[in-house]
Amino acid sequence: MIPARPRKGRVLVFGILFWYPLAGVTYQFLHYLIALRRLGYDPYYVEDSGRWVYDPRLNDLSPDASGNIAAVARVLEAHGFGQRWAFRGHYPGGRCYGMTEEQMLRLYREADAFLNVTGAQEIRDEHLACPRRVYVESDPFASQVRVAVGDAGTIAALAAHDTHFTFGENLAAPDCDVPLQRFRWLPTRQPVLLDLWAGPDAPPPPPRGEGEQGRRSPSAPPLRFGEGAGGSGEGNGPAYTTITTWHNKGKNVPYRGDTYYWTKDREFETFLHLPRRRTVPFELAVGVDDGVRRRLHEHGWRQVDSVAISRDIDHYRDYIRGSRGEFTVARDQYVRPRTGWFSDRSACYLAAGRPVITQETGFSKFLPTGKGLFAFRTMDDVLAAVDTIEGDYEGNCRAAREIAAEYFAAEKVVASLMERAGL
């Protein structure tokens, strides 16, 4: 039974929780759902797609969503959404879970609005019964290019919404190279619930090597596996980490005679020598083949499996909170056009009080950098950031948490989005 209408209205959140049942995505949608509830809305989570789901046990797509449902439904229930979610596999043989199909269709008719977060929900006639339809884009550039070149499918999908938000905060700025046509894009950013990420104090500093602030002396011998910043998952103390993918296929975007890349390995290659330049450890939580794993180890990286970390939300959170900070790169599609994009995972590191060193996309125009958060373009930028953090580690941890509270607090971010959407 659907309860009486709340003061601020009933809002559906469409997304990919069940389609991709790993912890980073789970947190992304929990932040929206809980923030909406705290702001006085009546939120429901709905997934109603014609796509098969990704099954991490198979590392492939599958029409059987039951394993994903079991993994994610318990998290929704634990956070008070046990009767407020629905999944319908809108493909031959697909099933309904959570709400019945009749309840889901009624929800579409009675809801005041939906947020199509990540834009992953394809809009069909039954969804158009909802009077307000808000698109929240997490990955800028590709859809804007498709609109600019006249892609009819993309234009129709966006036109089914009345308001459009993007994590590309620099879109429409003079220094941004993203083409804008037909649609008005409003800037937003990733909401993070600070109380979900509060945890242990900053980890102790790692043992110093030769040189000031963790620098590796030019005369120091190379690290061997398992020593300092190198090795196969061993090393001295908490590492600068990130949780990511290495190589992605099929999402590069051709535009104006050039190719804009989606895969991250191209960016990491530029900074492969980083662990040899400082004594603090660096670690990638990433799935790679044996050849890439050997290369990472040869250059001093620790490496762990990203799926193993991401299958459980508590393990995922503990991994971030147990890190010394984050070092990561951004995709070429965000960097070269200067989209102003910022990672939702990096926002979680900040909320956990862990300093972040991440590739410049133009976000430094909107977020403070230089303490707690650092934007880089070159290896020298990265090394300077590491030295600054290590010179005042506790101060940088406090600054990271303060940035999260001021700029990413879910209640602030979602309230701004809803106000500007007229909801």
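Filter the stretch 288-302 for residues that are touching a residue at least 40 places away in the same chain (Cβ under 8 Å) and surrounded by 20 or more Cβ atoms within 10 Å (Cβ to Cβ); which is nearest to Ala73 (Cα to Cα)?
Arg302
Would you confirm, using the coordinates I've provided, whether Glu267 is open to solvent by 10 Å² or more (accessible area, probe 1.4 Å), out of contact with any Ser or Thr (no Cβ under 7 Å at 6 or more places or on another chain) and either under 23 Å from Asn170 (Cα atoms) or part of a strand (DSSP E or B) (or both)?
yes
Can you tell me which residue among Arg321, Arg317, Arg311, Arg331 is in contact with a helix residue (DSSP H, G or I) (Cβ under 8 Å, 6 or more places away or on another chain), surrounded by 22 or more Cβ atoms within 10 Å (Cβ to Cβ) and among the charged types (D, E, K, R)?
Only one candidate qualifies: Arg331.
Between a first residue in the stretch 20-33 that is under 14 Å from Leu417 (Cβ atoms) and a second residue that is of a type in the set (A, V, I, L, M) and open to solvent by 10 Å² or more (accessible area, probe 1.4 Å), which pairs have beta carbons less than 8 Å apart while being 6 or more apart in sequence or on different chains?
Partner pairs satisfying both residue conditions: His31/Leu196.
Examine the stretch 162-172 for a residue that is in a strand (DSSP E or B), in contact with a Pro (Cβ under 6 Å, 6 or more places away or on another chain), more than 26 Å from Gln303 (Cα to Cα) and at pLDDT 95 or above, and state whether such a residue exists. Don't jump to the end; show me each part of the working.
Filtering the stretch 162-172 down to residues in a strand (DSSP E or B) leaves 163-166.
Cutting the leftovers down to in contact with a Pro (Cβ under 6 Å, 6 or more places away or on another chain) gives us 166.
From what's left, more than 26 Å from Gln303 (Cα to Cα): 166.
Applying the additional criterion that residues be at pLDDT 95 or above yields 166.
Looking through the stretch 162-172, at least one residue is in a strand (DSSP E or B), in contact with a Pro (Cβ under 6 Å, 6 or more places away or on another chain), more than 26 Å from Gln303 (Cα to Cα) and at pLDDT 95 or above.
Quick check: anything in the stretch 346-357 under 24 Å from His273 (Cα atoms), open to solvent by 10 Å² or more (accessible area, probe 1.4 Å) and in contact (Cβ under 8 Å) with a residue 40 or more places away in the chain?
Scanning the stretch 346-357, I find no residue that is under 24 Å from His273 (Cα atoms), open to solvent by 10 Å² or more (accessible area, probe 1.4 Å) and in contact (Cβ under 8 Å) with a residue 40 or more places away in the chain, so the answer is no.
Here is a check on your reading of the model: is Phe282 closer than 19 Å to Ala399 by Cβ and either at pLDDT 95 or above or of a type in the set (S, T, N, Q) (or both)?
no
Take the stretch 146-157 and flag every residue that is outside any loop (DSSP other than H, G, I, E, B) and either among the basic types (Lys, Arg) or farther than 17 Å from Ala172 by Cβ (or both).
Matches in the stretch 146-157: Arg146, Ala152, Gly153, Thr154, Ile155, Ala156, Ala157.
Pick from the stretch 92-129 the residues that are β-branched (Val, Ile, Thr) and free of Cβ contacts under 8 Å to residues at least 40 places away in the same chain: which of them is nearest to Pro140 (Cα to Cα)?
Ile123
Return yes or no: is Arg317 closer than 26 Å to Leu58 by Cβ and either in a helix (DSSP H, G or I) or acidic (Asp, Glu) (or both)?
Numbers: closer than 26 Å to Leu58 by Cβ: yes; either in a helix (DSSP H, G or I) or acidic (Asp, Glu) (or both): yes.
In short, yes.
If I ask for residues that are over 24 Å from the mean Cα position of the chain (by Cα) and open to solvent by 40 Å² or more (accessible area, probe 1.4 Å), which ones from the stretch 372-423 would you list?
Those that are over 24 Å from the mean Cα position of the chain (by Cα) and open to solvent by 40 Å² or more (accessible area, probe 1.4 Å): Asp380, Ala384, Thr388, Gly391, Asp392, Glu394, Gly422, Leu423.
Would you point out which residue out of Ala113, Ala35, Ala70 is closer than 25 Å to Ser343 by Cα and of a type in the set (A, V, I, L, M, F, W, C)?
After ruling out the rest, the residue left standing is Ala35.
Any idea which residue in the stretch 171-197 is nearest to Ser364 (Cα to Cα), counting only those that are charged (D, E, K, R) and either over 16 Å from the mean Cα position of the chain (by Cα) or open to solvent by 60 Å² or more (accessible area, probe 1.4 Å) (or both)?
Taking the stretch 171-197 first, the residues charged (D, E, K, R) are 175, 177, 182, 184, 189, 195.
Subset that is either over 16 Å from the mean Cα position of the chain (by Cα) or open to solvent by 60 Å² or more (accessible area, probe 1.4 Å) (or both): 175, 177, 182, 184, 195.
Working: Asp175: 13, Asp177: 16, Arg182: 27, Arg184: 23, Asp195: 25 Å.
Looking at the filtered set, the residue picked out is Asp175.
Looking only at strands (runs of 3 or more DSSP E) that fall completely inside the stretch 92-145, which ones have 1 or more residues that are open to solvent by 50 Å² or more (accessible area, probe 1.4 Å) and farther than 21 Å from Phe18 by Cα?
Those strands (runs of 3 or more DSSP E) span 132-137.
Every residue in the stretch 67-91 that is assigned to a helix (DSSP H, G or I) and open to solvent by less than 50 Å² (accessible area, probe 1.4 Å), please. Before the answer, list the steps.
Filtering the stretch 67-91 for residues assigned to a helix (DSSP H, G or I) gives 67-78.
Passing the criteria: Gly67, Asn68, Ile69, Ala71, Val72, Ala73, Val75, Leu76.
Report every pair of residues separated by at least 6 positions or lying on different chains whose Cβ atoms are under 7 Å apart, first residue within the stretch 54-76 and polar (S, T, N, Q), second open to solvent by 20 Å² or more (accessible area, probe 1.4 Å).
Cβ pairs passing all conditions: Ser62/Trp52.
Yes/no per residue for (1) modelled with pLDDT under 95; (2) part of a loop (DSSP other than H, G, I, E, B); (3) touching a Lys or Arg at 6+ places or on another chain (Cβ under 9 Å); (4) surrounded by fewer than 23 Cβ atoms within 10 Å (Cβ to Cβ):
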{"position": "Lys8", "(1), (2), (3), (4)": "yes, yes, no, yes"}
{"position": "Leu12", "(1), (2), (3), (4)": "no, no, no, no"}
{"position": "Leu17", "(1), (2), (3), (4)": "no, yes, no, no"}
{"position": "Val25", "(1), (2), (3), (4)": "no, no, no, yes"}
{"position": "Tyr32", "(1), (2), (3), (4)": "no, no, no, no"}
{"position": "Leu36", "(1), (2), (3), (4)": "no, no, yes, no"}
{"position": "Gly40", "(1), (2), (3), (4)": "no, yes, yes, yes"}
{"position": "Val46", "(1), (2), (3), (4)": "no, no, yes, no"}
{"position": "Leu58", "(1), (2), (3), (4)": "yes, yes, no, yes"}
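Scan the helices (runs of 4 or more DSSP H) fully inside the stretch 325-396 and keep the ones with 1 or more residues being among the aliphatic types (A, V, I, L, M), farther than 15 Å from Ile243 by Cα and out of contact with any Phe, Trp or Tyr (no Cβ under 7 Å at 6 or more places or on another chain). It would help to see each step written out before you state the result.
Numbers: elements: 332-335, 344-351, 379-391.
By residue number, 332-335, 379-391.
For the structure I just gave you, tell me whether Gly287 is in a loop (DSSP other than H, G, I, E, B) and on the phi > 0 side of the Ramachandran plot.
No, not satisfied.
The values are calculated or read from the model by the stated rules, or taken from the named source; none is laboratory data. Predicted model only: the values in this text are computed from it and were never measured. No Cβ is skipped: glycine too gets one built from the backbone with ideal geometry, and neighbour counts run over all protein chains shown. Heads up: the accessible areas ignore ligands, DNA and RNA and are worked out on the full protein's heavy atoms, side chains in. Shrake-Rupley method; radii C 1.70, N 1.55, O 1.52, S 1.80 Å.
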